[in-house]
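Colleague: I am attaching a structure below and will ask some questions about it afterwards.
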Amino acid sequence: MISIIIPFYNEKESIPLLLEEIKKVKKNITDEIEVILVDDGSIDSYRLTVNSDQEKNHNQIKLIRHRKRFGKGRALQTGLDQSKGEIIVFMDADLQDDPADLTKFIEKINSGYDLVNGVRNERRDSIIVKIYSRIANWFLKTVLHSPYSDINCGYKVFRKEVLKEIVFYANNFRFFPLAVFLQGYKVAEININNRQRKFGASKFGTGKLFVGIFDTLTAYFIFRFSESPLHFFGPIGGIIFGSGFVISFYLVFERVFFNQLLYRRPMFQIGILLIIVGIQIIMTGMIGELIVYLNKEKKISADRKTD
C-alpha cells in the first residue's frame, strides 16, 4: 500500500482539485493508495468539503484534524502515525506538486531506492525563498556531503522501513532525507513539475526564513557531532580555557616578578572565569560522549537479546 500524506492549512480551494488529480493518477498505479489529509488547525471553513469527500471514499481518504496550528512537521508526523502503507509519499496541498509525477517516484522506489527526493528545476517561488534554498543546499553539500540538490522540496517518497532506524524529527523535518542518506540508505533524486500556486499566498514568510536558517544549523550540529559531541565542545572549551590560562598566567607572572597587585587587575577575575567556563564546556562534551557510549551499549545489549 502507498500512503500519501498531505498536510494543509487554509487550502479549501486547492484540496478538491488535488484529490481529483490523485484519483486520475491512481489508474496508472497498481498498488492500493490511501490519502491522509492532515488539517493543521485551518480556519477557512473547509471541513464540510472534506467530509463529503470522505463519505464517498471512506476507505481511501482519511481526515485528521489538529485543534490548533502546530506546524508542517507535526502534521507530517501525525500522518505517519496513522499511515498503513509500506511506501510513504509527502505532498504539499497547494497544487504546486504535480500528482502526475507520482508514477516516476514509484518507479524509482521499485528499482531499489529507499528514498526519492524531488528537484524543482523551475521553481515558482519568491526570490528570497530561492536564495535561502540555494544557500542551504550549498552549505549541506559542502559540510555534510549531502547528495541532494533541493532538500527543501516537500515532494518526496520513501520506504516506511527506514523509520525503524531513523527517528522522524518533526521540528526539523526538512532534513529527514539527509538523515536517511547518512544512515547508509540508497537515495535518489528526480526532476518534478513545480507548478504555480493557484489559490492563496505562500505560508513562507520572514519568520519561517529565520526558522529555516536555524534548522539548517541544527541539522549541521546533529549530523556532524551527534556521534562525537566532544569534537564540538572540546575545541570551543579549549580555546576559552587557553585564553583564560594565558591571561591568568601573565598577571600572576607580573605579580611575582614586578609586584603588581592582582586586586587592581579585573582581567585576573576574567581570566579565572574563562578557565572555569572552558572546563565546564569541555566537561559537557565528555558527558555527551558518555551518553553516546551508553546508548550504543544499550542497543548492542538489546540486539544480543533479540538474537
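The values are calculated or read from the model by the stated rules, or taken from the named source; none is laboratory data. Keep in mind it's a predicted model, so treat the numbers as computed, not measured. Cβ placement follows ideal geometry from the backbone for every residue including glycine, while neighbour counts extend to all protein chains displayed.
Colleague: Filter segment 114-132 for residues that are in contact with a strand residue (DSSP E or B) (Cβ under 9 Å, 6 or more places away or on another chain), surrounded by fewer than 21 Cβ atoms within 10 Å (Cβ to Cβ) and more than 17 Å from residue 3 (Cα to Cα) and give the result.
Modeller: Within segment 114-132, 119, 121, 122, 123, 124, 125 meet the criteria.
To keep it simple, each residue is scored yes or no on (1) closer than 25 Å to residue 181 by Cα; (2) touching a strand residue (DSSP E or B) at 6+ places or on another chain (Cβ under 9 Å); (3) modelled with pLDDT of 95 or more; (4) not hydroxyl-bearing (Ser, Thr, Tyr).
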residue: 213; (1), (2), (3), (4): yes, no, no, yes
residue: 237; (1), (2), (3), (4): no, no, yes, yes
residue: 243; (1), (2), (3), (4): no, no, yes, no
residue: 246; (1), (2), (3), (4): no, no, yes, yes
residue: 250; (1), (2), (3), (4): no, no, no, no
residue: 274; (1), (2), (3), (4): no, no, yes, yes
residue: 279; (1), (2), (3), (4): no, no, yes, yes
residue: 296; (1), (2), (3), (4): yes, no, no, yes
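Colleague: Oh, and also: How many of the residues making up segment 88-105 are buried (at least 21 other Cβ atoms within 10 Å of the Cβ) and within 21 Å of residue 148 (Cβ to Cβ)?
Modeller: Counting residues in segment 88-105 that are buried (at least 21 other Cβ atoms within 10 Å of the Cβ) and within 21 Å of residue 148 (Cβ to Cβ) gives 8.
Colleague: Same structure again: Which one of these does residue 15 not meet: (1) at pLDDT 90 or above; (2) closer than 20 Å to residue 85 by Cα?
Modeller: So the condition that residue 15 fails would be (2).
Colleague: Can you pull out the residues in segment 133-165 that are loosely packed, with under 13 Cβ neighbours inside 10 Å and among the aromatic types (Phe, Trp, Tyr)?
Modeller: Result: 138, single match.
Colleague: Could you say which residue among 277, 187 is surrounded by 14 or more Cβ atoms within 10 Å (Cβ to Cβ), in contact with a Pro (Cβ under 7 Å, 6 or more places away or on another chain), in contact (Cβ under 8 Å) with a residue 24 or more places away in the chain and of a type outside the set (Asp, Glu)? Walk me through how you get there before you give the answer.
Modeller: Details: 277 fails: in contact with a Pro (Cβ under 7 Å, 6 or more places away or on another chain).
Step by step, each of 277, 187 is checked, and only 187 is surrounded by 14 or more Cβ atoms within 10 Å (Cβ to Cβ), in contact with a Pro (Cβ under 7 Å, 6 or more places away or on another chain), in contact (Cβ under 8 Å) with a residue 24 or more places away in the chain and of a type outside the set (Asp, Glu).
Colleague: Further question: Under 9 Å between Cβ atoms, at least 6 apart or on separate chains: pull out the pairs that start in segment 59-83 with a residue that is closer than 10 Å to residue 41 by Cα and end on any residue that is of a type in the set (A, V, I, L, M, F, W, C) and assigned to a loop (DSSP other than H, G, I, E, B).
Modeller: 69/43
Colleague: Could we say that residue 157 is among the aliphatic types (A, V, I, L, M) and assigned to a strand (DSSP E or B) here?
Modeller: yes
Colleague: Now for a different question. Within segment 91-143, how many residues are of a type in the set (Phe, Trp, Tyr) and farther than 20 Å from residue 219 by Cα?
Modeller: Matching residues across segment 91-143 total 2.
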